[in-house]
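The values are calculated or read from the model by the stated rules, or taken from the named source; none is laboratory data. Just so you know, these numbers come straight off a predicted model, no measurement behind them. All Cβ positions, glycine included, derive from the backbone under ideal geometry; neighbour counts span all protein chains shown. SASA here: full protein model, heavy atoms, side chains in, ligands and nucleic acids out. Shrake-Rupley method; radii C 1.70, N 1.55, O 1.52, S 1.80 Å.
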Amino acid sequence: MILVKLGGSVITDKSKLRTFRRPACERLARELKVASADLMLVHGAGSFGHIEAKKHSLHKGLRSESQLAHVASVQRDVRELNLKVLEALIDGGIRAVSIPPAAATTFRAAEVNTFDRSMFQKVSDIGLTPVTFGDVVPDESMGFSICSGDLMMAELAKAFRPKTVVFCADVDGVFDRDPKRGRGAKLLPVLDRAGLRSLRRTSAKSADVTGSMHGKLERMLAIAEHCEKCMIVNGNVPGRLERAVSGKEVVSTVVSPG
């Protein structure tokens with residue numbers, strides 16, 4: 001099985017509220033069609049979730065009744081994105097069905113409390129492709145919290161131990177410095193825990209309520225313990241995702257637990 005995350009920075013314009021990049025998502029769907037094994041997919045919320053969630057501090061949980069209207073609108077927007085992604089995947093030949101995070105998962109203190117793999121298993125067993133996503137979810141201690149796509153990637157990796165995990169991002173992989181903030185950044189072909197400790201920390205340019213890049217890489221290192229290969233590829237470059245899911249060599253960073 002191959003587990004793939006379609007990053008919010010690839011399928012949306014994260015700087016513009018509710019802006020879907022349909023041509024990019026349609027191309028990625030065509031590239032996924034050639035996968036060498038069964039797929040499970042996760043997509044980020046991008047500008048359909050992060051901008052409003054950050055503005056109203058939804059990642060901090062229930063603090064005032066005024067937040068509730070924004071919880072409802074973010075959930076609506078994320079489901080709108082999910083439908084758009086499903087449409088692009090189905091049009092591209094992927095038999096995709098949606099499984100919202102809260103349908104299989106409970107949360108406490110913004111972390112997973114319980115995870116039921118059975119729904120994903122049943123959908124996959126009959127030849128369909130499960131698709132889940134980042135969302136606002138009920139939380140037993142916070143009222144509500146943000147479930148990131150990366151959090152769902154971690155749970156699916158632990159539950160199914162896929163052969164390959166692919167994070168489809170808007171960069172070629174991990175660099176020794178931020179490639180968007182200057183020249184001379186070098187792509188790291190492999191990143192382990194020692195390499196992560198040596199990286200410079202930078203803040204995100206666009207709204208993101210699911211943690212810093214350093215935190216995302218920490219989660220990827222944990223995910224790498226449950227699969228044969230975990231990698232980051234650039235979804236904005238045609239053919240990169242196709243090569244990754246076909247088992248071919250591709251420009252990327254392989255994340256290794258070391």
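Some points to look at:
- If you go through the range 216-236 and pick out every residue that is over 23 Å from Asp13 (Cβ atoms) and either assigned to a loop (DSSP other than H, G, I, E, B) or at pLDDT below 85 (or both), you end up with 2.
- The residues in the range 118-149 that are small (Gly, Ala, Ser) and under 17 Å from the mean Cα position of the chain (by Cα) can be counted, and the count is 4.
- Residues of the range 32-44 that turn out to be outside any loop (DSSP other than H, G, I, E, B) and either open to solvent by 10 Å² or more (accessible area, probe 1.4 Å) or aromatic (Phe, Trp, Tyr) (or both), as a count: 1
- Boolean, Ser15 is without any contact (Cβ under 8 Å) to a residue 60 or more places away in the chain and out of contact with any Gly (no Cβ under 7 Å at 6 or more places or on another chain): no
- Residues (of a type in the set (A, V, I, L, M, F, W, C) and under 18 Å from Asp150 (Cβ atoms)) located in the range 2-27: Ile2, Leu3, Val4, Leu6, Val10, Ile11
- Applying the set (1) free of Cβ contacts under 8 Å to residues at least 60 places away in the same chain; (2) part of a helix (DSSP H, G or I) to Thr114 leaves exactly one unmet item: (2).
- Sole residue being modelled with pLDDT under 95 and not basic (Lys, Arg), chosen from Gly7, Gly46: Gly46
- When the range 60-103 is filtered for residues that are acidic (Asp, Glu) and either touching a strand residue (DSSP E or B) at 6+ places or on another chain (Cβ under 7 Å) or open to solvent by 50 Å² or more (accessible area, probe 1.4 Å) (or both), the ones remaining, listed by number, are Glu65, Glu80, Glu87, Asp91.
- Screening Ser124, Ser47 for residues that are crowded, with 22+ Cβ neighbours inside 10 Å and either outside any loop (DSSP other than H, G, I, E, B) or among the basic types (Lys, Arg) (or both) leaves exactly one candidate, Ser47.
- Subset of the range 164-200 [of a type outside the set (A, V, I, L, M), at pLDDT below 95 and in a strand (DSSP E or B)]: Phe175
- Looking across the range 107-121, the residues that are under 12 Å from Leu151 (Cα atoms) and surrounded by 13 or more Cβ atoms within 10 Å (Cβ to Cβ) come down to Phe107, Ala110, Val112, Phe115.
- A count restricted to the range 71-99 and to residues that are touching a Lys or Arg at 6+ places or on another chain (Cβ under 8 Å) and not aliphatic (A, V, I, L, M) stands at 5.
- Residues of the range 18-31 that are open to solvent by 20 Å² or more (accessible area, probe 1.4 Å) and in contact (Cβ under 8 Å) with a residue 60 or more places away in the chain: Arg18, Phe20, Arg22, Glu26, Arg27, Arg30.
- Pairs with Cβ under 6 Å, 6+ apart, first in the range 168-188 and under 23 Å from Cys25 (Cβ atoms), second hydroxyl-bearing (Ser, Thr, Tyr) and not in a loop (DSSP other than H, G, I, E, B): Asp170/Ser9; Gly173/Thr253
- In the range 50-59, of all residues being surrounded by 15 or more Cβ atoms within 10 Å (Cβ to Cβ) and in contact (Cβ under 8 Å) with a residue 60 or more places away in the chain, the one that is nearest to the chain's Cα centre (by Cα) corresponds to His50.
- Answer residue from the range 10-43, given it is of a type in the set (Ser, Thr, Tyr) and at pLDDT below 90 and is nearest to Gln67 (Cα to Cα) among those: Ser15
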